[in-house]
1. Please specify each residue of region 37-67 satisfying the condition of being surrounded by 18 or more Cβ atoms within 10 Å (Cβ to Cβ) and of a type outside the set (A, V, I, L, M, F, W, C).
2. Name the residues in region 59-73 that are closer than 16 Å to Ile316 by Cβ and either of a type in the set (Asp, Glu) or assigned to a helix (DSSP H, G or I) (or both), would you?
3. Are any residues in region 158-177 surrounded by 13 or more Cβ atoms within 10 Å (Cβ to Cβ) and aliphatic (A, V, I, L, M), and if so, which ones?
4. Collect the residues in region 256-297 that are without any contact (Cβ under 8 Å) to a residue 24 or more places away in the chain and on the phi > 0 side of the Ramachandran plot, keeping them in residue-number order.
5. Just to check your reading of the model, which residue among Leu320, Leu307 is over 16 Å from Arg58 (Cα atoms), surrounded by 11 or more Cβ atoms within 10 Å (Cβ to Cβ) and modelled with pLDDT under 85?
6. Taking Pro104 as meeting all but one of (1) at pLDDT below 75; (2) part of a helix (DSSP H, G or I), write down the number of the exception.
7. Would you check if there is a residue in region 200-210 being modelled with pLDDT of 85 or more and either within 30 Å of Arg58 (Cα to Cα) or surrounded by 15 or more Cβ atoms within 10 Å (Cβ to Cβ) (or both)?
Amino acid sequence: MATTVEGQDDLSSYLTNNNSLMQIQSTLIEIMWCITGGATILTNLGILLLIGYHRKLRRPPQAPYMISMFIGSLLSAIFYVLPRHINTKNSPMLLYPFTCSIMPYLGASFLVNLNFHICILTLNRYLSIEFPFRHLHYLSYKATACVLFCLWLLTAAIAALPLMTFVQYNSSICALHIIAENENARLSQQVYLTVIFTCLLILPLACFLPCYARIFYIVNVHARRMQGETDRHGHQSSLNRHNIKAAKQIIILVTLFLICYLPFAIGFMILNVRPGLKYTDTEIHLIQLLRFIAFSYPAVNPILFALYTADIKITIKMYLKAFSNQCCKRFRHHHSYQLSA
């Protein structure tokens, strides 16, 4: 009898410790997502305010696409990252049927939105390198407005289409409960997300591989050409140097994007096609880690574009220099006041 009581006490102690560890783990995960969401809002909002305040930063042909991309990243942090992953049991947005129903599909729509922005900016940079005097024809205001309208229409359709089709949205219940109880709806969601991740995430990146290869080829050709040029070809040397710099920048941006997004897209697609949607704890932790890495990229993305966009980089340097001079001025004034006192 004493052995039974001791065994029950050990089991109770084990369960208590396990619950404590799970609570600590959940809290740490929420803190990480909070940092990611806050950093995404801070960096994207900061670069948007900078572009909005300085008119010259809105003049480059690629500026509308960059502004649209930063707005999309800002919206993803506000309407998906923070409500979806922080205090999920008591999140106000998850208590209402509509927001609870659309939340899972918002993640996919924002992923596609950022993916197409990166692809469009890569294509524009490629055209500016390959056709330096004709690429402005492809970046007219009408073409830009049409592309951005179609892109945001696609983003909204990805999030709203499931609620209008296989989910059969009910204003009194969250769609997650409908999918959990309806085998046909669950199968339709598997097919839908597989098509989204395959056709709108992985396939566009694969189609742009020849474009990336061409950019890499241009870098090597121009680098060899510059080695044999003399001073009398100064203009051509300057143009080649600019093309090499632009090509290296876009290669770095795209490579980092692929490292962050591609593992999550492939991993999610593999797990999503599994019958029954039953996963091990290791698989769940792995896909959660890959999702965290994928949604951390929008926080770093504005910093990379600020470093690789000359006008934005110069403007930030100007502000940093003015701030440094102001701090030094205040320090000297305070120091001189103390000496006089």
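The values are calculated or read from the model by the stated rules, or taken from the named source; none is laboratory data. Everything quoted here is computed from the prediction, not taken from an experiment. Note: ideal-geometry Cβ built from the backbone for every residue, glycine included; neighbour counts use all protein chains shown. Surface areas here come from the heavy atoms of the whole protein model, side chains and all, with no ligands, DNA or RNA. Shrake-Rupley method; radii C 1.70, N 1.55, O 1.52, S 1.80 Å.
1. If the condition is that a residue be surrounded by 18 or more Cβ atoms within 10 Å (Cβ to Cβ) and of a type outside the set (A, V, I, L, M, F, W, C), then Gly37, Thr40, Thr43, Asn44, Tyr65 are the ones that fit.
2. Of the residues in region 59-73, the ones closer than 16 Å to Ile316 by Cβ are 60, 63, 66, 70.
The answer is Ala63, Met66, Phe70.
3. Ile158, Ala159, Ala160, Leu161, Leu163, Val167, Ile173, Ala175, Leu176
4. Within region 256-297, Gly276 is the sole residue that qualifies.
5. Unique residue meeting the criteria: Leu307.
6. (1)
7. Within region 200-210, the subset modelled with pLDDT of 85 or more is 200.
Within this subset, residues satisfying the condition of being either within 30 Å of Arg58 (Cα to Cα) or surrounded by 15 or more Cβ atoms within 10 Å (Cβ to Cβ) (or both) are 200.
Yes, region 200-210 contains a residue that is modelled with pLDDT of 85 or more and either within 30 Å of Arg58 (Cα to Cα) or surrounded by 15 or more Cβ atoms within 10 Å (Cβ to Cβ) (or both).
Yes or no, residue by residue, for (1) under 30 Å from Ala206 (Cα atoms); (2) more than 19 Å from the chain's Cα centre (by Cα); (3) at pLDDT 90 or above:
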site: Val81; (1), (2), (3): yes, no, no
site: Lys89; (1), (2), (3): no, yes, no
site: Pro92; (1), (2), (3): no, yes, no
site: Val112; (1), (2), (3): yes, no, yes
